[in-house]
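**Q** My structure is below; once you've seen it, I'll send some questions.
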Amino acid sequence: MNNPQKPVILFVDDELHRTMKPFLDRIKSKFKQYEIVCPLTLEKAKQDFVTHRERIQLIILDIQLAGSNDDPDIAGLDLARFVRLKSNSNVPIIVYTNLIRDDVARKFQEINVDEIMRKQGKGEQLAHKVQTLLAIYHATRS
């Protein structure tokens, strides 16, 4: 259920409700003051970004996403470019992935994503990085 008062964390991963469920659960339990919006495809993520743009305070995304007409292996890069270049947004972006090639990592760095992390553990490192980036984001907006 959408709550127009709550800030949003956009968590984009096509495996979110299967293999990524422990990570999602960790984020939901630690950041209850946020609405966690979970699109599973590139196009839905773009739509959700536009819909919730004013409330989105952080984006977590995988590189590989289903539903991409181009290269699904780097669809997350397309979303990051959409956010940074087409929408001119400085919302923090965490790339959270199992696989990342050096050339793809450089492309993410060129558009100033805030963090590139490997999926591991039960999400403690991810939750800590989310907390850190949200604190920085709020401090720079005050």
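The values are calculated or read from the model by the stated rules, or taken from the named source; none is laboratory data. Remember, it's a predicted structure, so these values are computed and weren't measured experimentally. Reconstructed Cβ throughout: ideal geometry from the backbone, glycine too, with neighbour counts over all protein chains shown. The protein model used for the area step is the full one, side chains on, heavy atoms only, and it has no ligands, DNA or RNA in it. Shrake-Rupley method; radii C 1.70, N 1.55, O 1.52, S 1.80 Å.
**Q** For residues in region 29-52 being among the polar types (S, T, N, Q) and over 21 Å from ALA75 (Cβ atoms), which is surrounded by the fewest Cβ atoms within 10 Å (Cβ to Cβ)?
**A** Initial filter on region 29-52 (among the polar types (S, T, N, Q)): 29, 33, 41, 47, 51.
With over 21 Å from ALA75 (Cβ atoms) added as a condition, the list becomes 29, 33.
Numbers: SER29: 10, GLN33: 7.
Filtering region 29-52 for residues that are among the polar types (S, T, N, Q) and over 21 Å from ALA75 (Cβ atoms), the one surrounded by the fewest Cβ atoms within 10 Å (Cβ to Cβ) comes out as GLN33.
**Q** Exactly one condition in (1) out of contact with any helix residue (DSSP H, G or I) (no Cβ under 7 Å at 6 or more places or on another chain); (2) within 13 Å of LEU126 (Cβ to Cβ); (3) assigned to a loop (DSSP other than H, G, I, E, B) is not met by LEU16; state its number.
**A** It is condition (1) that LEU16 fails.
**Q** Scan (1) open to solvent by less than 50 Å² (accessible area, probe 1.4 Å); (2) more than 15 Å from the chain's Cα centre (by Cα) for the single condition SER142 breaks and write down its number.
**A** (1)
**Q** Follow-up. Is one or more of the residues making up region 47-57 modelled with pLDDT of 95 or more and under 17 Å from GLN131 (Cβ atoms)?
**A** yes
**Q** Could you list, ordered by first residue, the pairs with Cβ atoms under 7 Å in which the first is in region 63-80 and buried (at least 24 other Cβ atoms within 10 Å of the Cβ) and the second is among the hydroxyl-bearing types (Ser, Thr, Tyr) and modelled with pLDDT of 65 or more, at least 6 apart or interchain?
**A** ILE63/THR97; LEU65/THR41
**Q** Taking the options GLU35, GLU54, GLU115, GLU110, name whichever one is touching a helix residue (DSSP H, G or I) at 6+ places or on another chain (Cβ under 6 Å) and of a type in the set (Asp, Glu).
**A** On the way: GLU35 fails: touching a helix residue (DSSP H, G or I) at 6+ places or on another chain (Cβ under 6 Å); GLU54 fails: touching a helix residue (DSSP H, G or I) at 6+ places or on another chain (Cβ under 6 Å); GLU110 fails: touching a helix residue (DSSP H, G or I) at 6+ places or on another chain (Cβ under 6 Å).
Exactly one of GLU35, GLU54, GLU115, GLU110 is touching a helix residue (DSSP H, G or I) at 6+ places or on another chain (Cβ under 6 Å) and of a type in the set (Asp, Glu), namely GLU115.
**Q** Quick one: ARG26 ticks every box in (1) touching a Gly at 6+ places or on another chain (Cβ under 6 Å); (2) open to solvent by less than 30 Å² (accessible area, probe 1.4 Å) except a single one, so which number is it?
**A** So the condition that ARG26 fails would be (2).
**Q** If I ask for residues that are open to solvent by less than 100 Å² (accessible area, probe 1.4 Å), free of Cβ contacts under 8 Å to residues at least 12 places away in the same chain and assigned to a helix (DSSP H, G or I), which ones from region 104-137 would you list? Working first, answer last.
**A** Pass one, region 104-137, residues open to solvent by less than 100 Å² (accessible area, probe 1.4 Å): 104-105, 107-108, 111, 113-117, 119-121, 123-124, 126-127, 129-137.
Checking which are free of Cβ contacts under 8 Å to residues at least 12 places away in the same chain leaves us with 105, 120-121, 132, 135.
Answer for region 104-137, where residues must be open to solvent by less than 100 Å² (accessible area, probe 1.4 Å), free of Cβ contacts under 8 Å to residues at least 12 places away in the same chain and assigned to a helix (DSSP H, G or I): ALA105, THR132, ALA135.
**Q** Inside region 92-103, can you point out the residues that are open to solvent by 40 Å² or more (accessible area, probe 1.4 Å) and either within 15 Å of the chain's Cα centre (by Cα) or in contact (Cβ under 8 Å) with a residue 40 or more places away in the chain (or both)?
**A** Taking region 92-103 as the starting set, the residues that turn out to be open to solvent by 40 Å² or more (accessible area, probe 1.4 Å) are 98-99, 101-103.
Passing the criteria: only ASN98.
**Q** Quick check on region 18-33: of everything there that is more than 16 Å from LEU65 (Cβ to Cβ) and of a type in the set (A, V, I, L, M, F, W, C), which residue is nearest to the chain's Cα centre (by Cα)? Break it down into steps so the answer makes sense when it comes.
**A** Of the residues in region 18-33, the ones more than 16 Å from LEU65 (Cβ to Cβ) are 21-22, 25-33.
Next, from what is left, pick out any that are of a type in the set (A, V, I, L, M, F, W, C): 27, 31.
On the way: ILE27: 12, PHE31: 14 Å.
Filtering region 18-33 for residues that are more than 16 Å from LEU65 (Cβ to Cβ) and of a type in the set (A, V, I, L, M, F, W, C), the one nearest to the chain's Cα centre (by Cα) comes out as ILE27.
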